[in-house]
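Here is the structure we will look at, set down as structure tokens.
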Amino acid sequence: MIIINCYNCVIFTFVIAFKLAMCNEILDISNVDHGIILEGVTESGELYSKSTYCPRAGFIVKIIVDSLTNQLLWDRRNSVDSLNLVDIYSINGKRTIALVSTNCSDSFESNYIEIKNNIWTEISYHRFYWVLDKIKRLRIFNLLNPFEDEHYELGINFTSGLASWTLIPRENVEVFQVRQGHETIWQLTDIDETCIKIIFFGDTETSKMVNVNTRLGNDVRELFFENLDEEWSLVEKDYFYQKLNLLDQEALIAIADDMDEENQ
């Protein structure tokens with residue numbers, strides 16, 4: 001009888017220890033243990049995706065960490081709370097915001113987190129859904145097909161040697177990248193910034209000068225880019241317009257030469 005009781009005590013102790021261990025699991029979003037966590041892409045769009053992480057049956061997550069940034073994202077406040085799921089939204093593969101859903105004793109609770117400059121910070125419900133709405137509206141503009149894109153209002157000016165093309169994103173569109181073919185000219189680096197206008201000069205396929213206007217808060221910026229030796233780079237405003245005037249004069253001379261040939 002004593003032997004049986006001792007045996008039962010050992011089994012009971014082992015079960016309790018095992019259950020306690022299962023209640024102290026860690027979810028590392030940068031190094032997921034798939035023996036503990038179910039992971040899957042549950043939503044995707046043109047540039048964004050949503051990855052969902054759920055504890056497997058029988059496992060209770062104690063904390064959520066990001067080993068890539070060495071940060072704690074969430075921890076259990078008490079033994080009653082348990083992690084339900086984590087949704088992480090990414091732009092072009094880069095994590096942007098996360099929603100942590102928790103089962104509490106008598107309710108559900110949601111925490112909203114955003115990563116900027118490699119720092120995760122808790123944000124409000126309104127901020128989270130504002131960012132989510134924006135990332136779902138992000139688009140890529142390619143100089144090679146401005147006529148085929150319904151996301152922009154297009155204006156063309158032929159009054160000088162080089163044609164100038166002005167594109168203004170429509171109300172429901174946010175610009176993520178400006179490209180020429182596979183070459184990136186400009187890319188959104190701050191979710192709070194908005195591209196409000198794109199101007200490029202010359203032929204759509206061979207344009208070497210592009211002006212991108214952005215707004216961040218109350219500040220409006222003009223960014224000037226030149227394609228030199230098949231590579232786009234940011235240049236100063238004065239240099240940009242000096243080079244543009246030179247190219248414009250060359251285009252006017254070429255037009256005049258063509259007209260002379262036609263008249264001969």
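The values are calculated or read from the model by the stated rules, or taken from the named source; none is laboratory data. Since this is a predicted model, take the numbers as computed values, not measurements. Note that each Cβ is placed from the backbone with ideal geometry, even for glycine, and that neighbours are counted across all protein chains shown.
One residue is enough: does segment 158-165 have a residue meeting the conditions at pLDDT below 95, aliphatic (A, V, I, L, M) and surrounded by fewer than 16 Cβ atoms within 10 Å (Cβ to Cβ)? Checked segment 158-165: no residue is at pLDDT below 95, aliphatic (A, V, I, L, M) and surrounded by fewer than 16 Cβ atoms within 10 Å (Cβ to Cβ).
For segment 18-25, the criterion of a residue being surrounded by 11 or more Cβ atoms within 10 Å (Cβ to Cβ), at pLDDT 55 or above and in the same structural domain as Y112 (by TED's automatic domain parsing) is satisfied by at least one position.
Taking segment 91-122 as the search range and keeping residues that are acidic (D, E) and more than 22 Å from E43 (Cα to Cα), which one is modelled with the highest pLDDT?
First pass over segment 91-122, keeping only residues acidic (D, E): 106, 109, 114, 122.
From what's left, more than 22 Å from E43 (Cα to Cα): 106, 122.
Numbers: D106: 77, E122: 97.
Among them, the one singled out is E122.
Only one entry in S44, S79, S67, S51 is surrounded by 16 or more Cβ atoms within 10 Å (Cβ to Cβ) and among the small types (G, A, S), namely S51.
Looking at segment 166-188, which of its residues are of a type in the set (S, T, N, Q) and at pLDDT 95 or above?
Step one: list which residues in segment 166-188 are of a type in the set (S, T, N, Q), which gives 166, 172, 177, 180, 184, 187.
If the condition is that a residue be of a type in the set (S, T, N, Q) and at pLDDT 95 or above, then Q177, T184, Q187 are the ones that fit.
When T184, T214 are screened for being out of contact with any His (no Cβ under 8 Å at 6 or more places or on another chain), polar (S, T, N, Q) and crowded, with 17+ Cβ neighbours inside 10 Å, only T214 passes. Across segment 89-126, what is the total count of residues that are surrounded by fewer than 15 Cβ atoms within 10 Å (Cβ to Cβ) and under 22 Å from Q187 (Cα atoms)? Counting residues in segment 89-126 that are surrounded by fewer than 15 Cβ atoms within 10 Å (Cβ to Cβ) and under 22 Å from Q187 (Cα atoms) gives 6.
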